Amino acid sequence: PWGYSKENGPATWHKDCPIANTGVRQSPIDLITTGQTCAKYDSNLKPVIVSYPAFSEATFLNNGHSVQFQPSAGNLSELSGGPLTKKYKFEQFHFHWGNNDSEGSEHRVNGKMYPAELHLVHWNSESPNFSSFQEAVGSNDPHALCVLGFFLKVGAENASLKPITDLLSKVKNAGSSVSFPGKFDLKAVLPETLTDYYTYDGSLTTPPLAECVKWIVFKEPIEVSTAQMEAFRAVDDGHGKPITGNYRPPCPLHTRTVAASFK
Ligand SMILES: NS(=O)(=O)c1ccc2o/c(=N\O)[nH]c2c1
Ligand SMILES: [Zn+2]
């Protein structure tokens, strides 16, 4: 199966997933803010609107290539605004990280990587062509999914993410999962105003690499403590090693443009 080691990492994914090398809207990308191919300010881009009630029942899983928080299907979350013309439903969030603070994020800003990146995954709940996340992934709809990306940087402890980082030791072994105890307030993790972001058309950053994602990557990083970062680096990949670098390198932009909601 695919992973992030020499034998099964991003450079080998094309074998089972040809779109890895032939796709023209692959993710992640390097977000360039100056020069020719740079992100272009679009004054029509509105703030992103999220409505995340505190999730009551959810599963926290180590799937061997990331850790993932997934509420039950009945969750009443909603995402709209920003570049979106439809309402999207929250499916799951997960993380990508490195084994030191100079690497780990999937998107980069002028070549700079952050130590980690949080992905909030949503699917278009207003499409007549699908009515679940899995169907959305297989739909070939260019905006079947919307993923919100937040960079993580090392600083103060993040109290809102503490319930998550404190749970990492409970899913140390690949394939292990726990029922999330109590409620989790995802809204509290995010900055109040979701106004400054980059947005572009891309793909899933792991197999099947489907080119169905409207990406929204926020400019402002979220702070976590060193201890919280270290907790990610202790999670195992199922081959007796910690997951240390579950990030795909940047992909070619091809004819795509990146829009910025800020100057
Ligand atoms: N890393 S990512 O692009 O946010 C992402 C999000 C949802 C996904 O579902 C997947 N397989 O079913 N891969 C995947 C990657
Ligand atoms: Zn991801």
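The values are calculated or read from the model by the stated rules, or taken from the named source; none is laboratory data. Quick caveat, the model's predicted, so the values are computed rather than measured. Quick reminder, even Gly has a Cβ in these numbers, built from the backbone with ideal geometry, and neighbours come from all protein chains shown. Heavy atoms of the whole protein, side chains included, go into the accessibility calculation; ligands, DNA and RNA do not. Shrake-Rupley method; radii C 1.70, N 1.55, O 1.52, S 1.80 Å.
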Next item on the list: Evaluate the charge dipole of the chain about its Cα centre and quote only its size in Debye, nearest 20, assuming +1 on the Cβ of each Lys and Arg and -1 on the Cβ of each Asp and Glu.
Entry: 280 debye
Notebook entry, point to check: Which entries of K89/K214; K86/K183; K46/K89; K87/K263; K40/K112; K112/K187 show an alpha-carbon separation above 21 angstrom in the structure shown?
Noted result: K86/K183; K87/K263; K112/K187
Checklist line | Derived scalar couplings ³J(HN,Hα) [the stretch 8-19; Karplus, 6.51 cos²θ - 1.76 cosθ + 1.60; whole Hz; x for Gly, Pro] | finding: 10, x, x, 6, 9, 4, 4, 4, 8, 9, x, 4
Check: What full-extension length gain, to one decimal in nm, is calculated for S177 and V24 as 0.36 nm per residue of separation minus the Cα-Cα distance?
Finding: 51.6 nm
Item checked: Formal net charge of residues neighbouring E211 (Cβ-Cβ distance under 15 Å; K, R +1; D, E -1) -> +2
Checklist line | Surface share of carbon and sulfur [accessible, 1.4 angstrom probe, percent] for the chain | finding: 52 percent
Next item on the list: Can you find, among N44, H96, A73, the residue farthest towards the positive end of the dipole of the stretch 19-113? Put +1 on the C-beta of Lys and Arg, -1 on that of Asp and Glu.
Entry: N44
Notebook entry, point to check: What does the accessible area of S102 come to, in Å² to the nearest 10, when a probe of 1.4 Å is used?
Noted result: 80 Å²
Notebook entry, point to check: In terms of solvent-accessible area of protein heavy atoms at a 1.4 angstrom probe, what is the ranking of V154, V147, highest value first?
Noted result: V154, V147
Notebook entry, point to check: What is the local net charge at P191, summed over the other residues whose Cβ is closer than 10 Å to its Cβ (Lys, Arg +1; Asp, Glu -1)?
Noted result: -2
Margin query: Going by amide H atoms built from the backbone, whose H comes under 5 Å of the H on I49, apart from near neighbours?
Written below: S80, G81, G82
Notebook entry, point to check: So for D185, D141, what's the accessible-area order with a 1.4 Å probe, most first?
Noted result: D185, D141
Notebook entry, point to check: To the nearest 500 deg cm²/dmol, what mean residue ellipticity at 222 nm is calculated for the chain from DSSP H runs of n ≥ 4 alone, each contributing -39,500 (n - 2.57), summed and divided by the residues?
Noted result: -1500 deg cm²/dmol
